[in-house]
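Quick notes on the structure that follows.
None of the figures in this text is laboratory data; all of them are computed from the coordinates on show. On a predicted model such as this, the values are computed, not experimentally measured, just so you know. Note: ideal-geometry Cβ built from the backbone for every residue, glycine included; neighbour counts use all protein chains shown.
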Amino acid sequence: MKDITTFTSTTTMDPRVWSKLPPDVVEHILLLLPLKTLLNLRPTCKAFSSLLFSPSFVSKHSSSSSSSSSSSSSSSSSSSPFSSFLLLSHPQCPLYFRLYDSNLSSWLTISPSLPFSSSFSLVSSSGGLFCLFNPSSSSFLVCNLFAKTSRRIESPTHSLHFTHLALVTTPLSYNLVLLSSKSTSNTAFVYNSNHLSWKRFEGFDAILSDSCHQQGTFFHGGLYFTTPEPFSVVRLDLESGKWERHVAELPQQLTFVRLVSDDDGEGKLYLVGGVGADGISRSIKLWELTGEGVWVEMAALPEIMCRKFVSVCYHNYEHVYCFWHEGMICVCCYMWPEILYYSVSRRSWDWLPRCPYLPLKSTCGFKWFSFLPKLYASV
């Protein structure tokens, strides 16, 4: 019987063997590595750096990352080598981000190593990219924290005051969408990363949601917004800049409404809303839009959890915002450091564990974002 050699951490790899591995074998091995390890390999040698950013490797890595993410979201038992995070930012700690690892169920804190100061605040995230805004210079910074790349984007007009902002990513580009409201008219500014320029679309005679914390929801090529009472849903087509009202009739006795769509904006559209009277929510429910254009109730928040959430908001529903994260519909409040979420696969509600790294005397200003790291998300 042949001897079996046990390799330990001190085993030295013979370069005469490893240097002769075929390039396709090396590429296959690298594709199996976690994103963090790939980043650490970049400065190792010119060959690795060249391979990691070659069109062939980028294409294969992006495909494997996407398939891992979708299998992870569809099955809680499957594990992906790419972590996904819920990111919490707070004005008291502008240069530090708190991250909740969805796969490991643990918290960590990071300080981004990008050239931006405390004058920039995080305002949006999508597709592995972050968007920050500097009000003093009216400029934006779109960055990829993992690739350590960024692009500064100047405001389309001087002294721009925008009421809504959204970062929308596609596989090959991204759009930065700003809405500026005056009286009952809205003007949309859309920045396209392929053209590196802004487009201006004149307004729509409707007042949008009174929640300045809620971004537009991307779904089927457009951004969807809600309006204050009488509640309705409106849509901005990102290609043509045209506005239209959504025809689906909303549920009755709503006290507030928020919209959420799934990851790619091509699957499903959800509605989160309070149900009650005189502006007081007695219950909070979740609806799904069917292919026939009808809102069908999916779930109601249990009474004890509803009482806690309503007490947190003090019935100031303009502070409530929602977003999608890896199969979860997250419901947050600007005044409260916890997330209430609904797991679509498990059909259950729960609270995310509170972050242990927050300042002891944290005031309002809690902003949550979904963050799925993507090495090749281009700015």
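Descriptive notes on the structure:
- Two-site FRET efficiency, K199 against E297, from Cβ-Cβ distance with R₀ of 35 Å, rounded to 0.05: 0.35
- Cross-link reach is defined here as a Cα-Cα straight distance under 14 Å, omitting same-chain residues fewer than 8 places apart; for K367 the aspartates and glutamates meeting it are E318, E338.
- L160 long-range amide H proximity, modeled H, under 5 Å: none
- Taking a ≥ b ≥ c as the square roots of the eigenvalues of the Cα gyration tensor, region 295-375 is oblate, since a/c reaches 1.5 or more and a/b is not larger than b/c.
- Other residues whose C-beta falls under 10 angstrom from the C-beta of G222 contribute a net charge of -1, scoring Lys and Arg +1 and Asp and Glu -1.
- Distance between region 133-151 and region 295-350 - C-alpha centres, whole angstrom: 30 Å
- The 3J(HN,Hα) values that the Karplus relation (6.51, -1.76, 1.60; θ = phi - 60°) gives for region 156-163 are, in residue order, x, 9, 6, 6, 6, 10, 10, 9 Hz. Gly and Pro appear as x.
- What you get for region 278-334, charging only the Cβ of Lys and Arg (+1) and of Asp and Glu (-1), is a dipole of about 280 debye around the Cα centre.
- Label-to-label distance for R282 and E266 is 4.3 nm, based on points extended 7 Å past Cα in the beta-carbon direction.
- Amide N of region 327-365 lying under 18 Å from the label point, which is placed 7 angstrom from the Cα of Q92 along Cα→Cβ: 333-339, 354-365
- Peptide packing: for 277-284, 366-373, the average count of neighbouring Cβ atoms within 10 Å per residue gives the ranking 366-373, 277-284, highest mean first.
- For the residue pairs K285/K308; K182/K308; K199/K268, the C-alpha atoms sit more than 24 angstrom apart in K182/K308; K199/K268.
- For W243, net neighbour charge (Lys/Arg +1, Asp/Glu -1) across residues whose Cβ lies under 12 Å away: -1
- Near G274, once Lys and Arg are set to +1 and Asp and Glu to -1 for all other residues with Cβ below 11 Å from its Cβ, the sum equals +3.
- Student exercise, region 85-371 dipole from Lys, Arg, Asp, Glu Cβ charges, in Debye to nearest 20: 800 debye
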